[in-house]
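The structure under discussion appears below in the form of structure tokens.
The values are calculated or read from the model by the stated rules, or taken from the named source; none is laboratory data. As the structure is a prediction and not an experimental result, all values here were calculated from the model. Note that we place each Cβ from the backbone using ideal geometry, even for glycine, and neighbour counts take in every protein chain shown. Each accessible area value is taken on the protein alone, full model and side chains, heavy atoms only, with ligands, DNA and RNA left out. Shrake-Rupley method; radii C 1.70, N 1.55, O 1.52, S 1.80 Å.
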Amino acid sequence: MRRAFLLGCAALALGCLVPTRVHAALSETPFGRPKVKLDRLDFPSEIAESKELEAHLRLTLKREARRADWGAGRQSRISYRFSVKELDLREEAGVLHVTCTALGRLPKGKSAKSHIVFGGDPRERRKVVEHVLEIVARGVVARLAELERVRRASL
């Protein structure tokens, strides 16, 4: 009888501990998405369609920042800067070559850089350039989000 009583008490105590551990694990996981803000965007003005491409890049950065896992919850605010250092277009042997280098920065000196050389149809120049900007933006934002996740995990 005493053994059954002790086993019952142990089962009850174990049952009480499991929800506490699950609740503790859930409380460490951030809920929602943080407010991610682009502080500054530097874009070369020597490109012919620079205003339209800059607007496309802003929309792409907003979409990628929303999709990225920053490791932060709804109450958090994250700001970053994005700079297109090089955007070079040249046509060679019937192929448009687009070279793009971009740099993203978080506060406290963390940065991410992406470089790509991409080729496409010269008749679809704008489409190729927009695609290159999307690839670069996705890479930089994903790396910045990873740096922010690591920083928050170490706190």
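Listed values, structure above:
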quantity	calculated
Residues (in contact with a strand residue (DSSP E or B) (Cβ under 8 Å, 6 or more places away or on another chain) and either β-branched (Val, Ile, Thr) or open to solvent by 80 Å² or more (accessible area, probe 1.4 Å) (or both)) located in segment 132-154	Val132, Ile135, Val136, Val140, Val141, Arg143
Hits in segment 140-151 - residues which are over 9 Å from Trp70 (Cα atoms) and not hydrophobic (A, V, I, L, M, F, W, C)	Arg143, Arg151
Number of the condition not met by Lys110 [criteria: (1) open to solvent by 30 Å² or more (accessible area, probe 1.4 Å); (2) of a type outside the set (A, V, I, L, M); (3) more than 30 Å from Arg33 (Cα to Cα); (4) under 23 Å from the mean Cα position of the chain (by Cα)]	(3)
Segment 56-83, subset open to solvent by 20 Å² or more (accessible area, probe 1.4 Å) and in contact with an Asp or Glu (Cβ under 8 Å, 6 or more places away or on another chain), residue farthest from Arg125 (Cα to Cα)	Gly71
Residue, nearest to Arg105 (Cα to Cα), within segment 39-55, restricted to residues that are touching a residue at least 40 places away in the same chain (Cβ under 8 Å) and open to solvent by less than 40 Å² (accessible area, probe 1.4 Å)	Leu41
Unique residue being touching a Ser or Thr at 6+ places or on another chain (Cβ under 8 Å) and modelled with pLDDT under 85 when the list is Pro34, Pro44, Pro19, Pro30	Pro30
Any hit, segment 91-103, residues being open to solvent by 60 Å² or more (accessible area, probe 1.4 Å), touching a residue at least 12 places away in the same chain (Cβ under 8 Å) and of a type in the set (Asp, Glu)	yes
